[in-house]
Amino acid sequence: MDECGNYNFDHDKLHEAHLSAQQKARQACKNEKSPVISDNTNVKFWEVKPYLDIAKEFNYIVVIIEPRTAHKFDVDKLFILNKHNVPKETIRRKLKEFQVIVPLYFAWYLNETDSLRLNRFAKECLAELLDKCVSFRRDLSNIRSDIKPETLFEYKNQRKLHCTAKFVGKNWLKNSSLRDYVTNPCVSESIGKTFKLEIIGFSVSKRSMAFDVCLKEKHVGKLWGNDLNNHEQLEILEFFKEGNNNSILDRIDFADRAHLTIGIRSGEKSYKAGIDLVGTKLMKKYNELNGSNIKTVQTDKFEIIYLNDCLCYCKLNNSIKINTLFTGDY
């Protein structure tokens, strides 16, 4: 800006300007400002990456917003509207260089305060489960030498829990269903919006603990896309060792897999928590259909339903409703 307040672009100072913007973003995050908005010209991923790194360092949730106007790719219209006297040819070149930035996955994110609170609550529940359910504690002791709640699992993402809506990965352009999800206006228009999620229970197995999130189709619609693939369905069937139980997969309800991963056994992949949750819920349905005797124990916080083989589903006496932000992990 000159002394009269006019903007004069100087290409030689471009790098300096970007560094200055990044430093301001870092300082704002360090000072715990919220929200921190970087309203800058970023047309490629490498230009956005420094801000993503800053957000990760200070545990911020990232929302990347693209222009939503009808003229966002209209060179002539942009040239008329721009206030910085950017040449039309420069605008044209930038539009050709524009790179769509797609996250590895889309999810509903909890803030740090709620994430830490739920993690504390989960460990309290796990301790009570081990204390009240003798069968679970006995069976778990037979395969795990250390069953203290603090060390039974690795507790990842304690400061930023999330419920995955859709895993996209890096090769989404090669998969038609992934392309359809990424390009769905419902998804792009929901980025940055808040949603209230309801936690109704949790599952515990020998390898994981996960909160069960109840998603209603009328509320989340096409945002949910994390259904089991063929390989994961085979993993679910391993819970049922006797006979041909393929039909049990038909009893999977909408978004039955929706969850918050609380803890995972060292060496296991995090997605296994969702597999265990679905497997546990289906095992409960299977036993109810077959009239099997299900062991239950009531506590002040939840009802314990023990299904043998270290599989527990615990239904909360009072569900937990929590605000989340829909966005992606970049």
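Figures for the structure shown
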read-out: Cα gyration tensor, the stretch 1-129 - rounded (a/c under 1.5), prolate or oblate; value: prolate
read-out: In degrees, nearest ten, helix 112-132 long axis to first principal axis of the chain (Cα); value: 10
read-out: Nearest-ten-degree value, helix 88-97 long axis tilted from longest Cα axis of the chain; value: 20
read-out: ASP227-LYS132 FRET efficiency (beta carbon distance; Förster radius 56 Å; 0.05 resolution); value: 0.95
read-out: Whether the stretch 169-216 is rounded, prolate or oblate, judged on the alpha carbon gyration tensor where a/c under 1.5 counts as rounded; value: oblate
read-out: Bins of 10 Å, starting at 0 and running to the largest distance - Cα pair percent for the stretch 214-286; value: 18, 49, 29, 4
read-out: Gained length - ARG144 relative to LYS295, 0.36 nm times residue gap less alpha-carbon distance; value: 52.2 nm
read-out: Mean ellipticity per residue at 222 nm, deg cm²/dmol - from DSSP H runs of n ≥ 4 across the chain, formula -39500 (n - 2.57); value: -11000 deg cm²/dmol
read-out: ³J(HN,Hα) computed for each position of the stretch 72-84 - Karplus, 6.51 cos²θ - 1.76 cosθ + 1.60, integer Hz, glycine/proline x; value: 5, 10, 8, 4, 4, 5, 5, 4, 5, 7, 5, 9, 10
read-out: Cα centroid separation, the stretch 207-249 to the stretch 162-184 (Å); value: 18
read-out: Spherically averaged projected area in nm², based on the convex hull that wraps the Cα atoms of the chain; value: 20.9
read-out: The stretch 119-214: relative contact order as a whole-number percent, Cα under 8 Å and 6+ apart; value: 17
read-out: Additional length obtainable on full extension of the chain from GLU47 to GLU32, 0.36 nm per residue less Cα span; value: 3.1 nm
read-out: The stretch 237-329 shape via C-alpha gyration tensor axes, a/c threshold 1.5; value: oblate
read-out: The chain, relative contact order in percent, only Cα pairs under 8 angstrom and at least six apart counted; value: 22
read-out: Accessible area in square angstrom per residue, the chain, 1.4 angstrom probe; value: 59
read-out: Per-pair calculated FRET efficiency, R0 = 35 Å: GLU189 and LYS285 via Cβ, rounded to 0.05; value: 0.50
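The values are calculated or read from the model by the stated rules, or taken from the named source; none is laboratory data. A quick note: this is a predicted structure, and the numbers were derived from the prediction, not measured. Quick reminder, even Gly has a Cβ in these numbers, built from the backbone with ideal geometry, and neighbours come from all protein chains shown. Surface accessibility is based on the protein's heavy atoms, side chains included, excluding ligands, DNA and RNA. Shrake-Rupley method; radii C 1.70, N 1.55, O 1.52, S 1.80 Å.
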